[in-house]
Amino acid sequence: MPDTAQPHRRPSRVAQVALAAVVCAAAAVLRTWDISRHFWLLGDQIRDWKIALGPFGDLPLVGPPTHVGGYTIGPAFYWLLWLIRVVVGPWFENLPHAGGIGQAWLQSGADALLLVAIWKRTGSVWIAVAAVVLLVTAPYDLALSPIVWNPVMGSTLAKVATALVLLGWPDRSLARVGVTAAIAWGAVHCYTGTVFVALSIFVALVIAPLVRREWQTVWQRALAILIVVVVLQAPYVVHRAWIDPAGRPGMGAVAGSLERVRTGADALRLDASVAAYAHALNGIQLRPWTSAATGWFVLACGLIVAARHRGDPALLAVTILPQLAAVGGYALWLGDFDDYYYLSLMPAAVFTALLGVTALAPGRAARPVAIALLVAALAIAPWRVREAGGIHKMPEYESLVRASRAILSRAQRRGGPTPVQRIKTPFLPPTGDPAFVYWILGGRLDERSPWVATIAPDGQVSYRRVDSR
């Protein structure tokens, strides 16, 4: 395999663009297939899409609430979701699955950029395509990608920042350093768990001139990163100082864990953190199969990559460092662990594994090994895609949309105010909102109406007269 820092042959720009376009389109189609029939519409999606339907000036200055209390520390997720609603929403009547389509296309574009970056960095199109195939067809990631959800958006931005570093794009100007840092910190705005990737990106931006002892460049880049972070945190400062000064801080639960570990009230949970990461690797990348050796395998590949590419500190900063930072960082966390915490680490883990395996191949054998890895990734893809089909799907979504149209049509035919007092959907989970789709389509509930509409799982609507008093 060619040296990652100086590939022996620069790939054709036309070939890069063509392959990236094909991969982006294929990934987007795979992620959004039948989304209008089974979009996952629960409380988080309803809350966030309703916010995105409003004007930009009404967007929150902080991110979505977290399940551990508090909220993410910036509004980048809502900015992006609002942009998706403006660009993609009108094509789909602003229905919630439009947000899923836009988010899936963003992630697919990030994958295409990552493919080009890995191809350019390694000189191997086989490794690049294998990495993207493994990332796109990972069942858990594939199921989450078209859901309007901030951890997915955070993972997407982290992937973009990683790709820019691998491309060497920030090295060309200080402005590009700032843009890359902004994308990385925007990922933290979307989801706090991406902080380990973001900090690793910051290290990658300064590590090369630091190794070369170009101190002026180091200080300039560090200052650019600091300015970007300060500017992006201005909305949070405004929120805390003027909008909600008495409220809970954004990441109070995280600060509480850190304080308890610092004071010795609770012990460092390194073993639990290692086990959680190994579990996430299995749950995201190996599902429907699992192996107790997954963590050991990635560790071995990491050691190989560290030795083989020790002359490319930026590469190590976006592959090995975020994984080590996450294991160390989550050791300070006293709450439960979920696999989705680690979504943003999957590009680093997959790239590390592929580099580690191909590095073991002597000389000219590296290319056949890389091709074999791609063939293997393609061979298992159908099983993985089928597995994704059973995760986080709501087959009743199509029925909900169809029934909402029918209720609205009935109201319009009557020529007066909407004839329903409320809409009932016994099949929806507790966090669902039976009237949300109806409201988006233009329908309004009337408390004075004597009619209640009930939507069945097959989309049939029945009406019952009730006392309106």
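List of remarks:
- Which listed residue, of 194, 137, is assigned by TED's automatic domain parsing to the domain that holds residue 70, under 30 Å from residue 397 (Cβ atoms) and surrounded by fewer than 24 Cβ atoms within 10 Å (Cβ to Cβ): 137
- Flag for residue 278 being in contact with a Ser or Thr (Cβ under 8 Å, 6 or more places away or on another chain) and at negative phi: yes
- For residue 131, the test of being in contact (Cβ under 8 Å) with a residue 40 or more places away in the chain, out of contact with any Cys (no Cβ under 6 Å at 6 or more places or on another chain), part of a helix (DSSP H, G or I) and crowded, with 22+ Cβ neighbours inside 10 Å is passed.
- Among the residues listed as 205, 232, the single one being in the same structural domain as residue 124 (by TED's automatic domain parsing), touching a His at 6+ places or on another chain (Cβ under 9 Å) and surrounded by 18 or more Cβ atoms within 10 Å (Cβ to Cβ): 232
- Residue that is modelled with the lowest pLDDT [pool: residues in segment 380-426 that are of a type in the set (S, T, N, Q) and in a helix (DSSP H, G or I)]: 412
- Among the residues making up segment 426-446, those that are of a type outside the set (Phe, Trp, Tyr), surrounded by 17 or more Cβ atoms within 10 Å (Cβ to Cβ) and within 15 Å of residue 39 (Cα to Cα) are 428, 432, 433, 434, 437.
- Residue within segment 74-84 that is under 23 Å from residue 14 (Cβ atoms), buried (at least 24 other Cβ atoms within 10 Å of the Cβ) and among the aliphatic types (A, V, I, L, M) present: no
- Some residue of segment 353-371 being crowded, with 22+ Cβ neighbours inside 10 Å, polar (S, T, N, Q) and closer than 23 Å to residue 207 by Cα: no
- Single match in 231, 211, 237, 274 (criterion: at pLDDT 95 or above and under 30 Å from residue 385 (Cα atoms)): 274
- Within segment 347-363, the set of residues being hydrophobic (A, V, I, L, M, F, W, C) and outside any helix (DSSP H, G or I) comprises 360, 361.
- Pairs are defined by a Cβ separation below 8 Å, a sequence spacing of at least 6 or placement on different chains, a first member in segment 341-356 that is at pLDDT below 95, and a second member that is surrounded by 24 or more Cβ atoms within 10 Å (Cβ to Cβ) and of a type in the set (A, V, I, L, M, F, W, C); no pair meets this definition.
- Members of segment 235-274 that are without any contact (Cβ under 8 Å) to a residue 60 or more places away in the chain and either closer than 30 Å to residue 297 by Cβ or touching a Phe, Trp or Tyr at 6+ places or on another chain (Cβ under 8 Å) (or both): 267, 271, 274
- Test: residue in segment 125-134 that is touching a Pro at 6+ places or on another chain (Cβ under 8 Å) and closer than 30 Å to residue 61 by Cβ: no
- Selection of segment 151-191 for residues being surrounded by fewer than 24 Cβ atoms within 10 Å (Cβ to Cβ) and either of a type in the set (D, E, K, R) or farther than 22 Å from residue 112 by Cβ (or both) yields 171, 172, 173, 174, 175, 176, 178.
The values are calculated or read from the model by the stated rules, or taken from the named source; none is laboratory data. Not measured: the values here are computed from a predicted model. In this analysis, Cβ positions are derived from the backbone assuming ideal geometry, glycine residues included, and neighbour counts consider all displayed protein chains.
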